[in-house]
Amino acid sequence: MALLIGWVLDLLFGDPQRLPHPVVWFGKAIAFCEHRFNRGSHRKLKGAVIAIGLIVGIFILTSFLISSCSHFLISAVLIFYCLAGTTLIREVRQVFLALDRSLEEGRAQVARIVGRDTSDLSAQEVRTAALETLAENLSDGVIAPLFWLAALGVPGMVAYKMVNTLDSMIGYKTERYKDFGCLAARIDDVANYIPARLTALLMILPSLFTFHFSLFNFVLKYGRKHASPNSGYPEAALAGILNCRFGGPHYYFGELFDKPFIGENDRELTTADMRKAVRVNRMAEVLAIILVIAVGIITNSMNVQCSMFNVQ
């Protein structure tokens with residue numbers, strides 16, 4: 001019930017801009033620690049202590065909050081805050097609408113959802129960046145939180161959002177963050193290992209009747225070529241479904257990162273591709289919700305049976 005309420009709230013409202021958001025608080029805490037401790041010697045150690053402390057701390061705090069209030073609505077609200085599917089889709093749609101008006105507006109809009117430098121992107125690169133982000137953040141913003149909800153409950157889901165926020169803020173291989181954010185990036189890699197591959201599977205399952213099993217081979221071929229051990233899999237799934245090409249060199253914080261290409265068909269992306277990608281995201285999200293509910297039902301049933309056996 002808590003999951004369904006939280007998911008419906010996300011479908012209806014997305015991220016509440018006028019309400020306090022836990023991820024904003026996470027970002028402020030991370031920024032404070034980074035500015036305070038990312039200096040001098042032992043940066044790798046200091047970054048590791050802070051990353052572990054924030055993740056474990058938020059897990060304990062969430063567990064205490066839920067046990068103290070003992071009402072499923074608290075869990076529903078926290079689930080609502082942890083899901084980001086609707087907001088991401090809205091942002092990607094706005095990128096394509098802005099690009100229809102002008103290239104400058106498209107660049108400014110896509111800068112809201114990507115970390116790369118956008119000032120010199122072409123129209124094709126703006127569309128590509130938006131769709132890459134849509135695929136990658138389906139894993140980070142929807143499937144992975146649901147995975148950790150199924151695995152560790154609501155505290156695990158909230159702790160995952162801290163993991164993801166740490167990586168998005170300090171998990172870069174730039175001169176400033178390569179030591180301080182090293183462990184944060186590694187923890188994010190581990191936390192997303194299964195969810196990223198599950199995301200790719202959920203994306204291509206509805207397309208199997210059209211593409212048969214060739215999409216599996218495509219994802220296996222290109223998913224591992226990404227600089228990230230995880231992001232390539234959902235990106236490869238979407239590139240295969242759209243029959244397009246993602247990846248390539250991009251600038252981050254003034255430094256050039258030469259990312260491998262995912263796919264070979266360097267065709268012009270269109271608004272129709274965006275609409276198809278959104279449908280793929282939504283179908284994968286629905287499948288994930290069904291899967292988590294099924295896991296919950298099976299787990300509860302097993303717990304009831306164990307309780308009855310112990311009583312007997």
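Tell me the helices (runs of 4 or more DSSP H) entirely within the stretch 28-115 that contain at least 1 residues that are open to solvent by 30 Å² or more (accessible area, probe 1.4 Å) and among the charged types (D, E, K, R).
Counting at least 1 such residues, we get 43-69, 85-101, 103-110.
Which condition from (1) touching a residue at least 60 places away in the same chain (Cβ under 8 Å); (2) in contact with a Leu (Cβ under 8 Å, 6 or more places away or on another chain); (3) open to solvent by 10 Å² or more (accessible area, probe 1.4 Å); (4) not small (Gly, Ala, Ser) is the one that Asp179 breaks?
Of the numbered conditions (1) touching a residue at least 60 places away in the same chain (Cβ under 8 Å); (2) in contact with a Leu (Cβ under 8 Å, 6 or more places away or on another chain); (3) open to solvent by 10 Å² or more (accessible area, probe 1.4 Å); (4) not small (Gly, Ala, Ser), the odd one out for Asp179 is (2).
Pairs, please: C-beta under 9 Å, at least 6 apart or cross-chain, first residue farther than 15 Å from Glu235 by Cβ and in the stretch 115-142, second among the aromatic types (Phe, Trp, Tyr) and part of a helix (DSSP H, G or I)?
Matching pairs, first to second residue: Val126/Phe96.
Any residue at all in the stretch 128-144 that's open to solvent by less than 10 Å² (accessible area, probe 1.4 Å) and outside any helix (DSSP H, G or I)?
Looking through the stretch 128-144, none of the residues is open to solvent by less than 10 Å² (accessible area, probe 1.4 Å) and outside any helix (DSSP H, G or I).
Could you please let me know if Val24 is surrounded by fewer than 18 Cβ atoms within 10 Å (Cβ to Cβ), under 28 Å from Ala284 (Cα atoms) and not small (Gly, Ala, Ser)?
yes
Kindly indicate which of Val95, Val142 is among the β-branched types (Val, Ile, Thr), over 15 Å from the mean Cα position of the chain (by Cα) and at pLDDT 95 or above.
Val95
If a residue counts only when it is over 17 Å from the mean Cα position of the chain (by Cα) and at pLDDT below 85, which helices (runs of 4 or more DSSP H) contained entirely in the stretch 214-312 have at least 1 such residues?
Here the list reads 214-222, 271-311.
The values are calculated or read from the model by the stated rules, or taken from the named source; none is laboratory data. If you're wondering where the values come from, they're calculated on a predicted model, not measured in any experiment. Glycine also receives a Cβ, built like all others from the backbone with ideal geometry; neighbour counts cover every protein chain displayed. Side chains included, ligands, DNA and RNA excluded: accessible areas come from the protein's heavy atoms. Shrake-Rupley method; radii C 1.70, N 1.55, O 1.52, S 1.80 Å.
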